[in-house]
Amino acid sequence: MPMTPADIDALLVLRSENEHLEFKAASKDFSFDTLVDYCVALANEGGGRILLGITDKPPRRVVGTKAFAVPERTVSGIHERIHIKCICDEVIHPDGRVLVFHVPSRPAGQPLHHDGRYLMRAGESLVPMTPDRLRAIVAEGEKEWSLLPALAECDGQTVVDLLDTQGFFDLLRLPYPATRESVLARLNDECVIEAVANGWAITNLGAVLFAKDLGRFDLLARKAPRVVVYDGTNKLITKLDRQGSKGYAVGFQGLVDFINGLVPTNEVIEQAIRTSVTMFPEIAVREVVANALIHQDFTMAGASVMIELYDDRMEVSSPGVPFIPPERFIDGYRSRNERIADLMRRMGICEEKGSGIDKVVHAAEVYQLPAPDFRVGQGRTSVVLFRHKDFEEMDRDDRIRATYQHCCLRFVMNEKMTNQSLRERFQLTEKKAEAVSRAIRDTLEAGVIKLADPTQTSLRYRRYIPHWA
């Protein structure tokens, strides 16, 4: 059914563009090649709509477009370029003409390209698709990694010998069944095992989460997490190097306890009482490690999650690069391993979608730590937690990162950052308002935050939001 002016008005109030919508003012003209690029990106993301004649910054409004006077010819041109059949609605809105291009999803297992460029969207930009995203699309139609067999054929006794079935039921808060057949049936329901001709196959999902010893599964032995402790702030001297053995779910609490036991503590005196405080908040360690385990790229052979402890920081890294840019970790979510993530959430090991990183950032603020640093390197994603620094010790990058993350955290809480809220984040008195204003100015210049109301001239009443809001 063609879109109407009322449908357009309903879209104007959306808080932000999402993975299925793209708005462009295009009041006078719009490049056909750019339109095709956006069609490719939207199709690669499962389909969506691009609307011309609407501003892309909230509060959105219809400005009308003169682009593509003959939409049918444009649709035909798109089909000639990338061989997908779009539909265009020409909507005569009271405030101007709007073109709505409905872009279908790409065929399963076939990433689309335009002139050899496989495109996806990252925030407001079009970027080349990451290698692991391309691999995931090409692998569509094949059995997903978590359901492939870690052990192709075994009997029921072997399943019980290799997997911590008691841990499985304990984590799901279920009573342990009276018979082995009932145990195996429940494991089968959760895709931990799969019935085969001569017994059972243990899936990658079952082994990686519930193995008593990952070393018993040849292809998963290198997927066990590794903890390394260094003497100093570099890798020159290693004090401890320990690799785990248990499946992620049944071994998670032990892994977190082991890490927290290695984290240095500082003694602080509050209200005449001396207490010990760990260098990194336990909730931050738990969430960062859980995210690394769950969202890694399991298809990268010989790579595992690494937890590295230095005198001044902790680095947690995992194989693969994320589907969303690291600056959007606070408000965005896209899981690489949804089946594993779902089971881990139901077992209470990780948070609901996207909220774990919020807790990491919030914990850093409560403990007065520098903002965590989210880094994407060559085939790896890392999160760095830093030891405490006073505001005066933080360099310009530390302050910009902390200001941006505070702004994001306020935004997802439906609030806006102010000079006062940032002072409270750094626990600074009003006498330090100018130093905080300088941090805000530096962050504005970096282009990662913006004024919520550009017409506001009073410094006292200025509010700030993330650049993507």
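The values are calculated or read from the model by the stated rules, or taken from the named source; none is laboratory data. Treat the numbers as computed from the prediction; the structure is a model and nothing was measured. As a convention, Cβ positions derive from the backbone with ideal geometry for all residues, glycine included, and neighbour counts pool all protein chains shown.
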Qualifying positions in region 191-227 - more than 10 Å from Pro149 (Cβ to Cβ) and assigned to a helix (DSSP H, G or I): Leu205, Val208, Leu209, Phe210, Leu214, Gly215, Arg216, Asp218, Leu220, Ala221, Arg222, Lys223
Any residue that is without any contact (Cβ under 8 Å) to a residue 24 or more places away in the chain and either loosely packed, with under 15 Cβ neighbours inside 10 Å or over 23 Å from Asp115 (Cβ atoms) (or both) - is there at least one of those in region 38-55? no
Please name all residue pairs, on different chains or six or more residues apart, with Cβ atoms under 8 Å, provided the first residue is in region 129-143 and is over 19 Å from Ser318 (Cβ atoms) and the second residue is among the charged types (D, E, K, R). Ile137/Arg106
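Okay, residues lined up against (1) in contact with a strand residue (DSSP E or B) (Cβ under 9 Å, 6 or more places away or on another chain); (2) closer than 28 Å to Ser318 by Cα; (3) not small (Gly, Ala, Ser):
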site	(1), (2), (3)
Ser182	no, no, no
Asp189	no, no, yes
Ile202	yes, yes, yes
Phe210	yes, yes, yes
Asp213	no, yes, yes
Tyr230	yes, yes, yes
Thr233	yes, yes, yes
Gln243	yes, yes, yes
Note: among Gly356, Gly302, Gly320, just one is among the small types (Gly, Ala, Ser), closer than 28 Å to Ala469 by Cα and touching a Lys or Arg at 6+ places or on another chain (Cβ under 7 Å), namely Gly320
Residue that is of a type in the set (Gly, Ala, Ser), surrounded by fewer than 19 Cβ atoms within 10 Å (Cβ to Cβ) and in a helix (DSSP H, G or I), where the choices are Ala439, Ala435, Ala364: Ala435
With respect to Gly232, is the statement that it is within 29 Å of Gly302 (Cβ to Cβ), in contact (Cβ under 8 Å) with a residue 24 or more places away in the chain and exposed (fewer than 13 other Cβ atoms within 10 Å of the Cβ) true? yes
Looking only at helices (runs of 4 or more DSSP H) that fall completely inside region 87-176, which ones have 2 or more residues that are modelled with pLDDT under 95 and within 21 Å of the chain's Cα centre (by Cα)? 131-138
